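To start, the structure itself, in structure tokens.
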Amino acid sequence: MLKKSLLKLACILLSCQAFAQIPVTTPKAALNDFMAQRFGMFIHWGPVALRGTEIGWSRGGEVPTGEYDNLYKEFNPVLFNADHWVKAARDAGMKYLTITAKHHDGFCLWPTAQTPYNIMGSPFKRDVVGELAAACRKNGIKFCIYFTVLDWYDADYKNDTHKFVNKMKAELKELITKYHPYMLWFDGNWEKPWTKEYGEEIYNYVKSLDRNVVVNNRLGKGKHPELGNGTVGDYATPEQAIGALNVKDPWESCITICNQWAWKPNDKMKSLRQCIETLVKVAGGGGNLLFNVGPMLDGRMEARQVARLKEMGQWLNKYGESIYGTMGGPFAPDSAMAATRKGNKLYLHVFSKAGQTIHLPQLEHLKVQKASFLKGQPVSFREEKEGIVITLPAEKPDSICSVIALELNGNAETLPLIKK
Ligand code: JFZ
């Protein structure tokens, strides 16, 4: 009897190994590492910078198709310096950088063997992706690649999608084996030629080349602001919006510093207050912020954008403890504040004016033992029946966003989400 069941068990184990295809997914540790980074730079760039219109989308719109498709012949951004871009990211306090290796216009910023429509066909003839990868590695910034599955240039995309997907695999193999990206940011999955099956095929292919590479959720057909319901990929990608509080699923909001993804002359830029509030509210909701800049046609980033990023970095230099490697919540961010937590500390990022009071509900099983501004003075608080009341002093340490650290008598990360 025992022998028989042992034999049965051995058979089950053997068949699992030999036949069952256990799909390979990104290890949880890699995703946790990604979510601890909190802040990255998105870069939308290509020959379209010559016109200052939107990348991909202006093809056949503001820029006639024939004209758009020939822009690369005069794309010569001689002032491009990968170290300068990476320094701008580092000075901003960003931990990773994502470049549009290929956007919807089909132009490739690296010397691919799969199509002549790439940077080597331009007068510039330099491997933009390779230079950025090297500069990132040198400066301790994680290098990531944006790659769209939608291609409005290559006729195969619509007419022979199977062939197109094979070409895509060859391109991805080049990108992964040459540049070793930390994360791949897919896009363009909403059009008809693309299917969830293709998405799964590409996901599995990527995983066969590098199990650890983090993959966003725009490979399937579902709604990308969330995970599940048809999306394929590791993390959710709300776009031009601060994601909703979610400390269970990994997510990253992508938001532009101006309005357009690609460079636009005199585009309206966000104020420092808007930039910091965006970052802090994303972190308070438990997500990463992929903040986008569009470099100019000569290869430089706009000085005002670099300066704004530097200001964000100065704020992070002081308050980074409450952003990097933290968990969002337990309250949903609102116009008054955003909360994060790590260990016994609950961090309140305060937007409201000096002199006001902050009301918090009771923290379930935990009590506040001490309250003080991060790297600053103690803050007065009292526990009442309804909750905790914090009185802000007449002057706040930071006019845009001061951080109050509440020391609890236990691990703040164990708190359930609490309605304010
Ligand atoms: C996509 C890109 O199209 C856009 O250019 C940029 O790269 C951004 C990060 O990602 O944004 C979208 C995605 C979907 C639609 C529009 C823009 N859509 O479905 O209309």
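Could you do me a favour and compute the accessible area per residue for the chain, 1.4 Å probe, result in Å²? Each step should come with its number before you reach the end.
Details: 18310 Å² over 420 residues.
Value for the chain: 44 Å² per residue.
Label separation (T357 vs E239): 4.6 nm, computed from points 7 Å beyond Cα along the C-beta direction. Taking GluC sites (Glu not before Pro) as exposed when their DSSP state is a loop state and no more than 15 other Cβ atoms lie within 10 Å, the longest site-free interval of the chain runs over 192-363.
Which of rounded, prolate or oblate describes region 199-318 when judged by the alpha-carbon gyration tensor and an a/c cut-off of 1.5? Prolate is the answer for region 199-318, as a/c is 1.5 or above and a/b outweighs b/c. Between N159 and E384, residue separation times 0.36 nm minus the direct Cα-Cα distance comes to 74.2 nm.
Think of it as helices only: each DSSP H run of n ≥ 4 in the chain is worth -39500 (n - 2.57), and spread over all residues that comes to -9000 deg cm²/dmol at 222 nm.
Within the full protein context, the accessible area of K169 is estimated at about 40 Å² for a probe radius of 1.4 Å. The C-alpha atoms of the chain define a longest principal axis, and helix 128-139 lies at about 30 degrees to it. Placing K264, K385 in order of accessible area, with the largest value first and a 1.4 Å probe, yields K385, K264. Seen against the Cα atoms of the chain and their longest principal axis, helix 303-319 is set at about 40 degrees.
May I ask you to derive the relative contact order of the chain, considering only C-alpha pairs under 8 Å and at least 6 residues apart, and to give it as an integer percent?
Numbers: 886 pairs, mean separation 64.1, N = 420.
Relative contact order, the chain: 15 percent.
Each Cα pair under 8 Å and six or more residues apart adds its separation to the average, and for region 98-218 the resulting relative contact order is 26 percent. Applying the Karplus relation 6.51 cos²θ - 1.76 cosθ + 1.60 with θ = phi - 60° to region 186-193 yields 3J(HN,Hα) values of 7, 7, x, 8, 8, 7, 4, x Hz, where x marks Gly and Pro. Report, in degrees rounded to the nearest 10, the 0 to 90 angle that the Cα long axis of helix 82-91 makes with the longest principal axis of the chain. Taking Cα atoms only, the helix is inclined about 20 degrees.
Here the accessible area of the chain is 54 percent carbon and sulfur, with a 1.4 angstrom probe and all protein chains present.
One Cα centroid belongs to region 345-420, the other to region 237-251; the line between them spans 24 Å.
Within the set K268/K396; K281/K419; K95/K223; K125/K178; K125/K169; K28/K375, which residue pairs have Cα atoms separated by over 22 Å?
On the way: K268/K396 29 Å; K281/K419 16 Å; K95/K223 27 Å; K125/K178 17 Å; K125/K169 24 Å; K28/K375 33 Å.
Too far apart for the 22 Å limit: K268/K396; K95/K223; K125/K169; K28/K375.
What the phi angles of region 146-162 give under the Karplus curve with 6.51, -1.76 and 1.60, with θ = phi - 60°, is a coupling list of 8, 8, 8, 8, 9, 9, 7, 9, 7, 4, 4, 3, 8, 8, 8, 4, 4 Hz, glycine and proline written as x. Once backbone amide H atoms are built at 1.01 Å from N, C108 has N118, I119 as its partners under 5 Å, excluding neighbours fewer than 5 places away on the same chain.
The values are calculated or read from the model by the stated rules, or taken from the named source; none is laboratory data. No experiment lies behind these values; they were computed from the predicted model shown. Ideal geometry is used to build each Cβ from the backbone, glycine not excepted, and the neighbour counts take in all protein chains shown. Accessible surface areas use protein heavy atoms only, side chains included; no ligands, DNA or RNA. Shrake-Rupley method; radii C 1.70, N 1.55, O 1.52, S 1.80 Å.
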